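The structure appears below as structure tokens.
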Amino acid sequence: MKVWCAFARDGACRSGCPGPGAETGAVAVVVGIVLALIVAAVVLVAAARSAAHEGENPVADLVSAWRERGGPSGAARAEVAEAAPVDVSLTEFLQANVEQGDAYLQVDELADRLQRATDATRRAMPGSPGHADRRSA
């Protein structure tokens with residue numbers, strides 16, 4: 001790995017870095033990894049302490065997730081196997097989930113905003129129709 005100063009002049013910079021092409025070795029990589037692991041451990045301990053008041057245990061969740069990383073556990077497989085299939089047509093599904101009331105997006109409101117933005121852009125751009133020349137005002 002090579003480290004160099006961005007503002008180096010004549011091969012060295014004022015902060016004492018040895019200049020372009022200096023070998024830093026694997027020590028910097030190891031130090032970075034160790035610091036990252038320490039920070040991760042601190043975050044995990046802080047999460048465990050804050051979740052202890054709510055009855056949760058992030059460390060136990062992490063351990064169980066680590067054990068199940070290869071696939072679902074036997075209990076999860078059994079639960080999925082026992083689940084009854086649900087046969088519903090797409091039409092029935094969509095009709096059952098229809099929401100009444102106003103839509104999330106109002107077309108008239110969007111059209112008004114688009115028109116105001118278009119008008120503001122035309123007024124601001126020189127040479128466009130509707131441009132307000134401030135020098136002549």
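The values are calculated or read from the model by the stated rules, or taken from the named source; none is laboratory data. Since the structure is predicted, the reported quantities are computational estimates derived from the model, not experimental observations. Every residue, glycine as well, gets a Cβ built from its backbone with ideal geometry; the counts of neighbours run over all protein chains shown.
Every residue, every condition in (1) touching a helix residue (DSSP H, G or I) at 6+ places or on another chain (Cβ under 6 Å); (2) of a type in the set (S, T, N, Q); (3) assigned to a helix (DSSP H, G or I), yes or no:
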{"residue": "ALA36", "(1), (2), (3)": "no, no, yes"}
{"residue": "ALA48", "(1), (2), (3)": "yes, no, yes"}
{"residue": "ALA81", "(1), (2), (3)": "no, no, yes"}
{"residue": "GLN95", "(1), (2), (3)": "no, yes, yes"}
{"residue": "VAL98", "(1), (2), (3)": "no, no, no"}
{"residue": "LEU105", "(1), (2), (3)": "no, no, no"}
{"residue": "ARG113", "(1), (2), (3)": "no, no, yes"}
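Show the residue pairs meeting these rules: Cβ distance below 9 Å; 6+ apart or different chains; first residue within segment 59-83 and surrounded by 11 or more Cβ atoms within 10 Å (Cβ to Cβ); second residue of a type in the set (Lys, Arg) and modelled with pLDDT under 80.
Partner pairs satisfying both residue conditions: SER73/ARG67.
For VAL86, work out the one condition from (1) in a helix (DSSP H, G or I); (2) over 30 Å from LEU44 (Cβ atoms); (3) modelled with pLDDT under 85 it doesn't fulfil.
Failed condition: (1).
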